[in-house]
1. Do any residues in segment 5-25 that are closer than 17 Å to GLY42 by Cα have Cβ atoms under 8 Å from those of residues that are surrounded by fewer than 11 Cβ atoms within 10 Å (Cβ to Cβ) and modelled with pLDDT under 95, where the two are at least six apart or on different chains, and which pairs are they?
2. Looking only at segment 28-77, filter to residues that are among the hydrophobic types (A, V, I, L, M, F, W, C) and in contact with an Asp or Glu (Cβ under 7 Å, 6 or more places away or on another chain); which one of those is nearest to GLN13 (Cα to Cα)?
3. Determine whether segment 47-69 contains at least one residue that is without any contact (Cβ under 8 Å) to a residue 12 or more places away in the chain, basic (Lys, Arg) and over 29 Å from ASP16 (Cα atoms).
4. Which fully enclosed strands (runs of 3 or more DSSP E) of the chain have 2 or more residues being of a type in the set (Lys, Arg) and open to solvent by 100 Å² or more (accessible area, probe 1.4 Å)?
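The values are calculated or read from the model by the stated rules, or taken from the named source; none is laboratory data. What you see is a predicted model; the values in this text were computed from it and never measured. Counting neighbours? That spans all protein chains shown, and the Cβs are built from the backbone with ideal geometry, glycine included. Accessible surface areas use protein heavy atoms only, side chains included; no ligands, DNA or RNA. Shrake-Rupley method; radii C 1.70, N 1.55, O 1.52, S 1.80 Å.
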Amino acid sequence: MQDMNDVLFTEQQIEDAVKQMAMRINDLNLDSAVFLCVLNGGFMFFSDLIKHLDIPNVECDFIRVKSYKGKERGEIIMVKDAELSIGN
């Protein structure tokens, strides 16, 4: 079992992986894109990724879901839905 204090990835490794992912997205040569972040857990990753994108027209939106009621895991419930149209 892994100790909670064990470091799986260094901060630099994570930063490099996020930059690499952004480069792969940039290589798609998109004119526009909509990015959807799942709050709260994805916020830091999302903001780091968006900073490295070179897409002329980027729109960002956020959703929030939960699956716990107290300490019991249950059905996934949409707490905050996207406000942007994300069709197509």
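1. Qualifying pairs under 8 Å: ALA17/PHE9.
2. Kept after step one, since they are among the hydrophobic types (A, V, I, L, M, F, W, C), are these residues of segment 28-77: 28, 30, 33-39, 43-46, 49-50, 53, 55, 58, 60, 62-63, 65, 76-77.
Then drop every residue that is not in contact with an Asp or Glu (Cβ under 7 Å, 6 or more places away or on another chain), which leaves 34, 36, 63.
On the way: VAL34: 26, LEU36: 24, ILE63: 27 Å.
Ranking the qualifying residues of segment 28-77, first place goes to LEU36.
3. There is at least one residue in segment 47-69 that is without any contact (Cβ under 8 Å) to a residue 12 or more places away in the chain, basic (Lys, Arg) and over 29 Å from ASP16 (Cα atoms).
4. 57-69
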